[in-house]
1. With charges set only on the Cβ (+1 for Lys and Arg, -1 for Asp and Glu), what does the dipole of the chain come to about its Cα centre, in debye to the nearest 20?
2. Please report the relative contact order for the chain, taking Cα pairs under 8 Å with a sequence separation of at least 6, and give it as a percent rounded to a whole number.
3. Can you list the HN-Hα couplings for the stretch 223-239, worked out from phi with the Karplus curve (6.51, -1.76, 1.60; θ = phi - 60°), rounded to whole Hz and with x for Gly and Pro?
4. On a 0 to 90 degree scale, rounded to 10, what angle separates helix 86-95 from the longest Cα axis of the chain?
5. Contour minus end-to-end for Q177 and R226, with contour as 0.36 nm per residue of separation and end-to-end as the Cα-Cα distance?
6. Per DSSP helix of 4 or more residues, -39500 (n - 2.57); summed, then divided by the residues of the chain. What does that give at 222 nm, rounded to the nearest 500?
7. Which trypsin sites (Lys or Arg not before Pro) does the stretch 71-101 hold that lie in a coil by DSSP with at most 14 other beta carbons within 10 Å?
8. Taking the simple approach of a point 7 Å from Cα along Cα-to-Cβ for both R99 and R242, what is their distance in nm?
Amino acid sequence: MNEATCVVGIDVSKRKLDLALLLNGKSKSKVFHNTPTGYALLHAWLLERNARPEAAHICLEATGPYSEAVAIALVEAGWPVSVVNPARIKGFAQGELARNKTDRADAALLARFCLAMHPALWAPPSPEWRALRAWVDRLQALKEMHQQESNRLEAYQASGQLQVVETVHTHLEWLQQQIAKLQRDIDDHIDHHPDLKRDAVLLESIPGIGNTTVAKILAYAGDVRRFSHAKALAAFIGVTPRQRLSGSSVRGRTMLSRTGHADLRRALYMPGLVARRHNPVLKAFGDRLSETGLAPKAVVGAVMRKLAHLIYGVIKSGKPFDANFAHNEFAFQDGIWPLIS
């Protein structure tokens, strides 16, 4: 993208959009409703002030469904948009020693961040990927609800509240039916979209990754090909190592960064445990790390990171998991295993 002559920061909330426009050394602000009508008015307002998509850069924080809708609308209207991790904005504000936090001030902060940092442009996921994510989120919500009701059932039984037990049993049965239906709907959704089906088959070829995890990877990571390399995917998930070494006094323990997609990281934990035992490549990798004295939990974290590399590898190459090829790739990094865990 050419150098932007104007930048726009948008602070997104549930009901409104606070906008800050930096153009020709001047700052202007405006508030719009966070609705399709508000998006159209925002677009018209920018054009009225001589802001043009080919020379503009819009920046907003990632705030889930509230920011995604406006970001998609702006991209479809031709505006270059960056959707930024809120942690980056918080760090930028600390660097500026910002004292005030209001919606208007946050919009101006986003505009200054955009002008200084030139964040990467955001590409919206396809409709089928967005639909899959909604299905997966709903399935996870029902599973959590089922676990909560199971805990209540145990408590009622222990306290002798038998008159309530029957209602909990009824709700649990309904939840089980809905969970089974959602799982079928997710499988059908993947089967009916060739791009999703192709990637699902590739992911299922990796020992340790099952059907449920495949759906979560596809839903939360989107099209893995958008990442420039495997390390970028691992960083997105939050399974890259974080070191704490400084001078002669700071010798902190290396651990997972956990700066990434928490839901996707949780989704890879159990597959990491399974792959540690049953994936021939990752089993050998984990055994080698264990021999160096690395803690079992740290070994699992390292296996999760390598699992992210395998996910990227099979989808990027379009070829199913090959144990021999993966063995050679990991053997090449043999000398740095203890450092990357």
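1. For the chain, the charge dipole is close to 1180 debye.
2. Across the chain, relative contact order equals 12 percent.
3. Along the stretch 223-239, the couplings run 6, 4, 5, 5, 7, 6, 7, 5, 4, 5, 5, 4, 5, 4, 6, x, 10 Hz.
4. The angle comes out near 60 degrees.
5. Details: separation 49, 0.36 × 49 = 17.64 nm, distance 3.61 nm.
Result for the pair: 14.0 nm of gain on full extension.
6. Rounded to the nearest 500, the figure is -20000 deg cm²/dmol.
7. For trypsin sites (Lys or Arg not before Pro) across the stretch 71-101 that sit outside H, G, I, E and B with at most 14 neighbouring Cβ atoms in 10 Å, the list reads R99, K101.
8. 3.0
The values are calculated or read from the model by the stated rules, or taken from the named source; none is laboratory data. Note that the coordinates shown come from a computational prediction; the quantities given were computed from them, not determined experimentally. Backbone-built Cβ (ideal geometry, glycine too); neighbour counts: all protein chains shown. SASA here: full protein model, heavy atoms, side chains in, ligands and nucleic acids out. Shrake-Rupley method; radii C 1.70, N 1.55, O 1.52, S 1.80 Å.
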